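Just below is one structure, and these are the notes that go with it.
The values are calculated or read from the model by the stated rules, or taken from the named source; none is laboratory data. If you're wondering where the values come from, they're calculated on a predicted model, not measured in any experiment. All Cβ positions, even for glycine, are placed from backbone atoms using ideal geometry, and neighbour counts span all protein chains on display.
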Amino acid sequence: MMSRSSAAFLAFLIVFVSLEFSNAISPSSCMQNPTVYSPNATNCADERDSGACRAIFSASTATARDPKCIDPNLEEFALECANTCGLCCETAAYNCGDDPVSPINCTANVRYCRDASWTTVMTQYCPGTCGLCTSASASCRDINTGCLNMRPLCNDINFNTYMRANCQRTCYFCSTTTVTTASPSTATCLDVATNCAANVGLCNNSAYMTLMTTKCPRTCGRCTSTGVSTTCVNANANCASWVANGFCTNTFYSVAQRRQYCARSCNLC
């Protein structure tokens, strides 16, 4: 027979494990301040039939939630009735968070979440705000279980290869991304990586050309009036010395050759 102390310890262990591994919903879930729920509290549809949800839970308001919605024993049902319970931000579509180095103020631009022309940008930078965490390809997987904690490395040039191989989903490497963010009337060419200045020496290194053009277009001088130029670049790291030796002016070299190797240095953009 189990002793009273052993039984008490076992009960404590069960509670501890439950707290440690459960995604328990808290009373403050989806609240933007202590008294008001955020827009993402109800910005989704119930997975279960709404009639069935209302049979279990009372619909949430801007300031109140049915206590049953945060009952640990009903957590699975509450998440399937996320709209009714005001728990959309706790669902898989919202719980990945936004890009920590996003050049976009996600909250201020939430109106673009469902704008088709902004889908790529908002999926990359504001998935948590827009409920786009599950929009990546089903084949997109994180191999490393600690990817979420390493998100600041997603746009670090020095860790790009590792993060691309091990944290595709967390870093949004699964789908085509863009380095151009736009408002309805303007387009701005931005650096996406956080350490472009420190790696400016790689801009014209042929081995890093594509990576630097994608992640550091402003630092590497790839910006044009319409966004990012991937064609007007120096494909050879020796262009500076070649220009000094007459590569751009010597008729021995054709215009096609100059454009192929040193388009930017030869002003052929």
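What to note about this one:
- Checked against (1) within 30 Å of Leu153 (Cβ to Cβ); (2) surrounded by 17 or more Cβ atoms within 10 Å (Cβ to Cβ), Ser60 passes all but a single condition, namely (1).
- Scanning segment 214-228 for residues that are crowded, with 18+ Cβ neighbours inside 10 Å, modelled with pLDDT of 75 or more and in contact with a strand residue (DSSP E or B) (Cβ under 7 Å, 6 or more places away or on another chain) yields Pro217, Arg222, Cys223.
- Complete set of residues in segment 79-95 that are closer than 26 Å to Thr170 by Cβ and outside any loop (DSSP other than H, G, I, E, B): Leu79, Glu80, Ala82, Cys88, Cys89, Glu90
- For segment 40-53, filtered to residues that are of a type outside the set (S, T, N, Q) and surrounded by 15 or more Cβ atoms within 10 Å (Cβ to Cβ), the residue that is farthest from Cys133 (Cα to Cα) is Cys53.
- Ala62 being of a type in the set (A, V, I, L, M, F, W, C) and part of a loop (DSSP other than H, G, I, E, B): yes
- Here the condition is being at pLDDT 80 or above, assigned to a helix (DSSP H, G or I), within 29 Å of Met31 (Cβ to Cβ) and not small (Gly, Ala, Ser); of Arg164, Arg111, it holds for Arg111 alone.
Quick grid of which residues meet (1) at pLDDT below 75; (2) closer than 19 Å to Met212 by Cβ; (3) assigned by TED's automatic domain parsing to the domain that holds Cys203; (4) assigned to a loop (DSSP other than H, G, I, E, B):
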site	(1), (2), (3), (4)
Thr230	yes, yes, yes, yes
Trp242	no, no, yes, no
Phe247	no, no, yes, yes
Asn250	no, no, yes, yes
Ala256	yes, no, yes, no
Asn267	yes, no, no, yes
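- Residue pairs meeting the criteria (Cβ under 6 Å; at least 6 apart or on separate chains; first hydroxyl-bearing (Ser, Thr, Tyr), in segment 74-89; second at pLDDT 90 or above and not in a loop (DSSP other than H, G, I, E, B)): Thr84/Cys53
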